[in-house]
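The values are calculated or read from the model by the stated rules, or taken from the named source; none is laboratory data. What you are looking at is a predicted structure, and each value in this text was computed from that prediction instead of being measured. Cβ atoms come from the backbone with ideal geometry, glycine included; neighbour counts cover every protein chain shown. When the accessible area is computed, the model is the full protein with side chains, heavy atoms only, and any ligands, DNA or RNA have been set aside. Shrake-Rupley method; radii C 1.70, N 1.55, O 1.52, S 1.80 Å.
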Amino acid sequence: MKSVEEINTRIREGRAVVVTAAEMKCIVETEGTRAAAERVDVVTTGTFAPMCSSGALFNIGHPSPRIKLKTATLNGVPAHAGLAAVDLFLGATSLREGDPGNSAGPGRFAYGGGHVIEDLLRGREVELRATGHGTDCYPARELRTLISLGSLTDAVLLNPRNCYQNYSVAVNARSRRPIHTYMGILQPGPGNAAYCSAGELSPLLNDPFYRTIGLGTRIFLGGGKGYVTGHGTQHSPCVARNGRGIPLGGSGTLSVTGDLRGMSPEFVRGVSIRGYGASLAVGIGVPIPVLDEEMAFFTSVRNRDISAPVMDYSRDYPDRSGEPLGHVTYEELRSGRVVVCGREVRTVPLSSLHQAGRIAAILKDRILEGSFLLSAPVEPLPGPDPGMCTIPLSPRLRA
Amino acid sequence: MSGVTKTVLLEFPPDQVGKPLVSRAVRGFEVEINILHARISPSEVGRMLAVVEGEEPEVEGTLDFLSSSGVRIAPPGEGLALDEELCTHCGACAGLCPTGAFTVSREDWKVALDMTRCIACGICVEACPYGAVTPGGAFGFTEAGL
């Protein structure tokens with residue numbers, strides 16, 4: 001049994017044993033959980049994929065004369081100005097004004113909030129156009145200026161839901177034409193199966209009951225440093241689990257935040273999903289302290305131990321109906337082919353395993369060099385016990 | 001004289017799309033033409049990836065005939081460009097590529113592109129969320145034409 005503080009002491013003294021999640025699988029396989037728990041202090045995880053519930057909070061600084069922002073666009077992408085005078089929230093999926101959307105076939109959604117965030121990280125100037133009410137204290141009614149990451153008082157990545165713990169596999173089981181979804185192009189037949197998780201490298205799949213990840217956990221976020229601020233929206237820890245505690249579908253989520261300065265466009269990327277919309281791909285790495293033998297066991301999870309439900313995105317998902325067409329493991333998904341409805345189909349990954357591996361390796365290096373210390377959660381994430389689950393919406397109107 | 005096999009990308013201008021040029025080529029020359037992939041619509045630029053097989057003078061004659069008929073000819077693998085800087089190696093392209101031109105290494109999970117297998121169908125351009133695959137090269141593909 002080790003504490004996070006003991007592990008931090010070992011990191012400071014240069015004695016900590018830090019391994020990536022990929023390395024941990026092999027260590028536990030050859031040495032067993034007990035020896036691995038004694039030897040290894042930290043396991044680094046990683047994931048990189050489009051995560052739509054993301055955005056950035058800016059304070060643009062006060063101009064003279066002052067303005068209370070009423071409307072604002074950044075490179076033509078609307079940002080939310082319903083905050084204090086010069087605070088703005090830019091959502092990753094906010095779309096440039098005038099984008100044709102899907103009006104002439106599946107749209108390109110070439111530029112959105114995620115791309116603005118990436119542009120800022122690339123050091124590019126972004127045009128802000130804003131209007132104000134004109135008040136006694138904030139008289140300006142119009143503002144047009146170039147901004148850059150360096151010119152902003154604050155620029156913070158603020159993502160309400162990232163890092164899904166497992167996720168559905170999407171197929172087109174019932175339409176006769178290719179469909180365009182947030183899981184990409186799904187061909188009829190089904191002709192392919194899209195999935196989006198780093199599987200055995202993914203943070204929450206290596207700590208399935210959130211023993212070490214909670215509010216206050218310091219993480220690798222977009223190439224810089226960030227923090228878990230609690231459970232993400234739609235956190236559903238009560239999803240059924242297998243014998244190892246791995247949820248059998250999308251379940252836990254994280255809300256995260258971190259200073260955009262210090263992040264890298266390598267790990268924060270604007271995304272255009274044909275026929276669906278714009279988004280942001282985010283790289284996240286969570287260090288998991290190997291507190292005891294149980295954590296060694298959890299971090300030894302393999303792709304074959306993780307299965308995901310196959311969902312029809314042509315009718316069932318849009319209608320919020322239907323049952324999974326089956327379950328497949330990440331080992332099968334990573335092989336490139338899975339069997340769905342008795343038919344072998346190709347798999348299409350949306351989560352970059354290459355990037356996930358890099359993130360886990362970079363985080364490992366940062367911990368080893370002493371520039372990244374672990375933090376114990378201030379509050380744990382809600383686990384399966386409290387019965388937290390998503391509440392479907394049944395629209396209703398005033399009588 | 002020995003036989004040769006040439007894989008070529010053919011671009012048919014809109015005013016030539018309605019003419020049976022491939023048929024005329026096969027009738028006029030001692031060649032076999034194997035069409036691997038084609039995207040032909042009336043009044044639009046048509047594109048075709050084809051293998052032309054026969055004795056060298058016959059193959060050359062076929063290509064000269066097509067060229068003199070207004071068909072642009074390019075070696076395969078010039079229909080697309082992969083920007084390594086923009087690629088995140090997610091593999092979405094590889095999961096949809098019909099010919100296996102895009103592959104994901106099981107060593108480091110990096111995406112690789114073998115342009116000799118590319119038939120310029122363009123599904124990778126649609127599938128890439130990062131704009132890393134763009135139409136381009138010899139034909140100057142416009143996205144609308146894909």
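Just a few scattered comments:
- Subset of the stretch A:317-331 (residues that are touching a residue at least 12 places away in the same chain (Cβ under 8 Å) and not small (Gly, Ala, Ser)): A:Tyr317, A:Arg320, A:Pro324, A:Leu325, A:His327, A:Val328, A:Thr329, A:Tyr330, A:Glu331
- Within the stretch A:145-182, considering residues that are more than 13 Å from A:Asp312 (Cβ to Cβ), among the charged types (D, E, K, R) and assigned to a loop (DSSP other than H, G, I, E, B), the one farthest from the other protein chains (Cβ to nearest Cβ): A:Arg176
- Counted residues, the stretch A:1-26 - those being in a helix (DSSP H, G or I), open to solvent by 70 Å² or more (accessible area, probe 1.4 Å) and within 15 Å of A:Pro289 (Cβ to Cβ): 3
- Subset of the stretch A:183-211 (residues that are open to solvent by less than 20 Å² (accessible area, probe 1.4 Å), touching a Leu at 6+ places or on another chain (Cβ under 7 Å) and part of a loop (DSSP other than H, G, I, E, B)): A:Met183, A:Ala198, A:Tyr210
- Pick from the stretch A:52-76, criterion crowded, with 24+ Cβ neighbours inside 10 Å and more than 24 Å from A:Gly98 (Cα to Cα), ranking: farthest from the chain's Cα centre (by Cα): A:Ile67
- For the stretch A:115-153, a residue qualifies if it is closer than 16 Å to A:Gly91 by Cα and surrounded by fewer than 15 Cβ atoms within 10 Å (Cβ to Cβ), but none of them does.
- Residue that is surrounded by the most Cβ atoms within 10 Å (Cβ to Cβ), among those in the stretch B:82-133 that are of a type in the set (S, T, N, Q) and within 12 Å of chain A (Cβ to nearest Cβ): B:Thr88
- Restricting the search to strands (runs of 3 or more DSSP E) fully inside the stretch A:27-91 and requiring at least 3 residues that are farther than 21 Å from A:Val286 by Cα and away from chain B (no Cβ under 14 Å) gives A:55-59, A:69-74, A:77-79, A:87-91.
- Filter result (among the aliphatic types (A, V, I, L, M) and crowded, with 21+ Cβ neighbours inside 10 Å) within the stretch A:346-361: A:Val348, A:Leu350, A:Leu353, A:Ala356, A:Ile359, A:Ala360
- For the stretch A:225-263, the set of residues classified as charged (D, E, K, R) and part of a strand (DSSP E or B) consists of A:Lys225, A:Arg241, A:Asp259, A:Arg261, listed by residue number.
- A single entry from B:Val52, B:Val26 fulfils the requirement of being touching an Asp or Glu at 6+ places or on another chain (Cβ under 9 Å), part of a helix (DSSP H, G or I) and at pLDDT 90 or above: B:Val26.
- Among the helices (runs of 4 or more DSSP H) confined to the stretch A:264-353, the ones with at least 2 residues that are within 14 Å of another protein chain (Cβ to nearest Cβ) are located at A:330-335.
- Flag if A:Arg174 is in contact (Cβ under 8 Å) with a residue 40 or more places away in the chain and surrounded by fewer than 16 Cβ atoms within 10 Å (Cβ to Cβ): yes
- Residue in the stretch A:362-381 that is within 14 Å of chain B (Cβ to nearest Cβ) and either modelled with pLDDT under 95 or under 25 Å from the mean Cα position of the chain (by Cα) (or both) present: no
- Considering the stretch A:92-106, and only residues there that are free of Cβ contacts under 8 Å to residues at least 12 places away in the same chain, part of a loop (DSSP other than H, G, I, E, B) and open to solvent by 20 Å² or more (accessible area, probe 1.4 Å), the residue that is farthest from A:Leu158 (Cα to Cα) turns out to be A:Ala104.
- The residues of the stretch B:57-81 that are open to solvent by less than 40 Å² (accessible area, probe 1.4 Å), under 20 Å from B:Asp15 (Cβ atoms) and assigned to a strand (DSSP E or B) amount to a single one, B:Ala74.
- Residue tally, condition over 21 Å from B:Ile40 (Cα atoms), modelled with pLDDT of 90 or more and not basic (Lys, Arg), over the stretch B:108-128: 7
- Flag for A:Arg177 being modelled with pLDDT of 95 or more and either in contact with a Phe, Trp or Tyr (Cβ under 8 Å, 6 or more places away or on another chain) or farther than 30 Å from A:Val290 by Cβ (or both): no
- Members of the stretch A:41-57 found to be touching a Ser or Thr at 6+ places or on another chain (Cβ under 8 Å) and more than 22 Å from B:Cys90 (Cα to Cα), listed by number: A:Val43
- Scanning the stretch A:184-203 for residues that are over 17 Å from the mean Cα position of the chain (by Cα) and more than 11 Å from chain B (Cβ to nearest Cβ) yields a count of 3.
- Residues being in contact with a helix residue (DSSP H, G or I) (Cβ under 7 Å, 6 or more places away or on another chain) and under 24 Å from A:Ile367 (Cβ atoms) - total across the stretch A:214-253: 2
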